[in-house]
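Read through the structure below, which is laid out as structure tokens, and then see the notes.
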Amino acid sequence: MTSQLVLYTNGQIVGRDRLLLDHDVLVRDGRIESIRPNTRKRPQEAKIVSLGGGYLTPGLIDIHVHGGGGADFMDGTIDAVRTACQTHLVHGTTTLFPTTTTASAEQLENMIAACAQVQEADRSSSRIEPGSNVGSRSGPRPTDQPSIAGSRMAAGARIGGVHLYGPYFAKDKVGCHLANQQRPPDKQEYRRYFSTNMVRVATCAAELPGATEFYRYASQRGCLVTCGHSNSTYAEMQAAFRVGMRHVDHFWCAMSSVTSLRARCGTPMQAGMEQFVLMEPEMSTEVIADGCHLSDDLLRFAYRFKGPERLCLVTDASRALDQPPGEYRFGSDSDGPTFYSDGRVGWTLDRRSLASSVVGMDHMVRTMQRATKAPLPDLIRMASLTPAERVGIAADYGSIEVGKVADFVLWSPRLIVKRVYLAESQ
């Protein structure tokens, strides 16, 4: 089989900790072969892709995402999974981890099975010509994002695995999820999910009965083990940490606080999840930087105290991403709770609580840049390499380095996604 060479040139390459100017990226058969000064002679057989002076970054990686383009992964169908993956791809996300909600065991099994079928089909088929642009989405395009030219439709963002998020939430921290499907972890139930080999991120509230055993089992399976939708104390977090828990879902959202723990534990007042994450260097967390969930002050705080090596950007996006304002279902389209999207963020119908985000990872990067003024390599790291490291795929994804898969995003100087490039073979 003839080797395929693509040379990306005339761009600013965003590395781990610096911008590389006057360099080209040479890709052979979908993997980065070299990063070389652009004064070197170009291989005659290489396809030349001019980047027009824009920023070339690794593809973004979203470890907490529910849907997009009118589809939720919990719809449990191949069409829904593909629609959501295609929608996120044009926002720069090239690898994602479909995220479950509180639901019945049957619904969870259907969702995992649909994701597995799409993942397997994408692995065994030609995804897209190396160096080609990808685009095309359903629904209206955000006004701040120009059209993305595409030579043909791609399968969408790669599925890295499933994030088993619901149903193991605390009763008082269910948020916009179905409250009647919240439950403590059951060994027979969750071992069925893990037996599919699809679960790569596993969430449970630390105070639930059976949480310690869940964390230990998920850790042994090689998952990123997280605590979320929880009202746990510092001591309960310590116990979880001892058996493998290393991450907290969407910082400051549906998590314990000194105030919430006073209602649960009385006095003296207790430390909780926030304090544990900030005190323990090995802990990572994530923020929904959509400009609606967290203020700029909180985004600056998270960046300052955890740093780009322990802070991930996630979308937590619902099916309302790239859809007009209106009412939608969160989770399964058959019985998920109804929420309202105003085009900026999701709300519960009473407008008292937020209900997931409705924007993509490109928006998160721009918001984080505005709030923190962080260097571009730090911004991109939080949306690519850091999540890749946390879920154990950094050997292949998350940065532009020799040997890694050539999934790239081309950005304008204003951090607008101009092109997305997916590697065909790996």
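The values are calculated or read from the model by the stated rules, or taken from the named source; none is laboratory data. Please read these numbers as outputs of a predicted model, since none were measured by experiment. All Cβ positions, even for glycine, are placed from backbone atoms using ideal geometry, and neighbour counts span all protein chains on display.
Yes or no, residue by residue, for (1) surrounded by 19 or more Cβ atoms within 10 Å (Cβ to Cβ); (2) of a type outside the set (Phe, Trp, Tyr); (3) out of contact with any helix residue (DSSP H, G or I) (no Cβ under 7 Å at 6 or more places or on another chain):
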{"site": "MET368", "(1), (2), (3)": "yes, yes, no"}
{"site": "ALA383", "(1), (2), (3)": "yes, yes, no"}
{"site": "GLU389", "(1), (2), (3)": "yes, yes, yes"}
{"site": "GLU401", "(1), (2), (3)": "no, yes, yes"}
{"site": "ILE416", "(1), (2), (3)": "no, yes, yes"}
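How many residues does region 23-44 contain that are at pLDDT 95 or above and over 14 Å from GLU424 (Cα atoms)? Residues in region 23-44 being at pLDDT 95 or above and over 14 Å from GLU424 (Cα atoms): 9 in total. Checked against the criterion of being assigned to a strand (DSSP E or B), within 16 Å of the chain's Cα centre (by Cα) and on the phi < 0 side of the Ramachandran plot, the candidates VAL409, VAL420 yield just one match: VAL409.
Quick one: in region 247-297, which of the residues that are of a type in the set (Ser, Thr, Tyr) and part of a loop (DSSP other than H, G, I, E, B) is surrounded by the fewest Cβ atoms within 10 Å (Cβ to Cβ)?
Per the criteria, the residue is THR267.
Residues in region 156-174 that are part of a loop (DSSP other than H, G, I, E, B), more than 19 Å from the chain's Cα centre (by Cα) and over 14 Å from ALA103 (Cβ atoms): 1 in all. Give GLY92, GLY59, GLY67, GLY76 a once-over and let me know the one that is of a type in the set (Gly, Ala, Ser), within 18 Å of SER334 (Cα to Cα) and surrounded by 24 or more Cβ atoms within 10 Å (Cβ to Cβ). Being of a type in the set (Gly, Ala, Ser), within 18 Å of SER334 (Cα to Cα) and surrounded by 24 or more Cβ atoms within 10 Å (Cβ to Cβ) holds for just one of GLY92, GLY59, GLY67, GLY76, which is GLY67.
Restricting attention to region 24-52, the residues being of a type in the set (Lys, Arg) and part of a loop (DSSP other than H, G, I, E, B) number 3.
In region 53-110, the qualifying residues are those that are part of a loop (DSSP other than H, G, I, E, B) and hydrophobic (A, V, I, L, M, F, W, C), and the one that is nearest to GLU286 (Cα to Cα) is VAL90.
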